[in-house]
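Student: Attaching a single structure in structure tokens format; questions to follow.
Nothing in this text is a laboratory measurement; each read-out follows from the coordinates by a stated rule. Keep in mind the model is a prediction, meaning the values are calculated, not measured. Methodologically, a virtual Cβ is constructed for each residue, glycine included, from the backbone with ideal geometry; neighbour enumeration extends over all protein chains shown.
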Amino acid sequence: MFQSGSRMSNASGWIFPGQGSQRIGMGQKLLEGSPSARRVFDEASEAVGMNLTRLCLEGPIDRLTATQNAQPAIVTCSVACLAMLEEQGLKPAAVAGHSVGEFSALVAAGSLTLTAAVQAVRKRGELMARVTTPGGMLAVMGLDVSRVHELCHTASQEGVLVVALHNGPEQFVLSGSHAALERFKQLALPAGARECVMLQVSHAFHSPLMGQIQDEWRAVVARIPLRMPRYPVVLNTTARTVKTLVCIRRSMEDQLISPVLWVQCIRALVGMGITRVLEVGDSKVVSSLARRVEPSLETATMQAPP
């Protein structure tokens, strides 16, 4: 099922996709070919009280895309892929996950159970969907990080504006007020940006505009059962590996309003000696981003060819 010219070895770094990778039909090949994958979907469905198998295979897309549904669906699909890898006796050298994918990575490392993970992200999505503060997100391509921050500083005179996702050396997603995002767009295109695209999202994720639910989410995080990971886990908010359980909880809390440092996470994996990464999920989004960060990386996905 690997979409690569060579089989990934036990020395690989495993990376896990986040929200935005969902699509109707995701997980279909897993469910058709792996009893262990089917058990993962059944367990996750029971844990969150909804039929995730039907949701992933049939949608409808607006229901699958809803934050409170997309997050447990994506984690479940990734953990189903993980079950297939474990059946083959494969293990990662290190793991990292993009945004909600960090919960999948923590399951892979043995820090979280599947049940705890999907219940946590289901609640996370429900809280996010309840935020009433208006805001949006803007993808920006073609500017380096210093220029993006410079223009952000200027545009933030119109309202809250932050870099929410460091996806590549010249690929970022901003979160903030609609006025500030529009001002940034006006500044960025004349400054040399190749493209500025407003994302179809309901809120300004990974920004201070999510602060309305921070206290409630912190209380949820405090109750999540955790264990120390079996493998190194590179965390989104620091791009450093887990040292204590406090590190994990703090990252879970901070990720709500803080940026995803994906560029730095991939570079941290490379700094640990990782030369190959496998995207664990029915997606090729984060492996594609990883290649842009470090073109020398060998990458593979578990997404079946069409």
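Student: Find the Rg to Rh ratio for the stretch 136-202, where Rh is the Kirkwood radius over alpha-carbon pairs and Rg uses the same atoms.
Tutor: So for the stretch 136-202, dividing Rg by the Kirkwood Rh gives 0.90.
Student: Can you give the net charge of the other residues whose Cβ lies under 14 Å from the Cβ of G142, counting K and R as +1 and D and E as -1?
Tutor: In short, +1.
Student: Right, something else. Report the Cα centroid-to-centroid distance between the stretch 156-183 and the stretch 52-116 in angstrom, as an integer.
Tutor: A separation of 28 Å, based on Cα centres.
Student: Going down the list K123/K185; K243/K284; K91/K243; K29/K243, which pairs span over 27 Å between their C-alpha atoms?
Tutor: K123/K185; K243/K284; K29/K243
Student: Of V40, H206, C196, which is farthest on the positive side of the dipole of the chain, counting Cα position, with +1 on Lys and Arg Cβ, -1 on Asp and Glu Cβ, and the Cα centre as origin?
Tutor: V40
Student: Same structure, new question: Any number yet on Rg/Rh for the stretch 26-166, C-alpha, Kirkwood?
Tutor: 1.06
Student: Rg (Å, one decimal) plus Dmax (Å, integer) for the alpha carbons of the stretch 220-306?
Tutor: Calculated on Cα positions, Rg and Dmax stand at 14.3, 42 Å.
Student: Continuing with this model, one more query. Rounded to the nearest 10 degrees, what's the angle between the helix 178-188 long axis and the longest principal axis of the chain, both from Cα atoms, 0 to 90?
Tutor: 80
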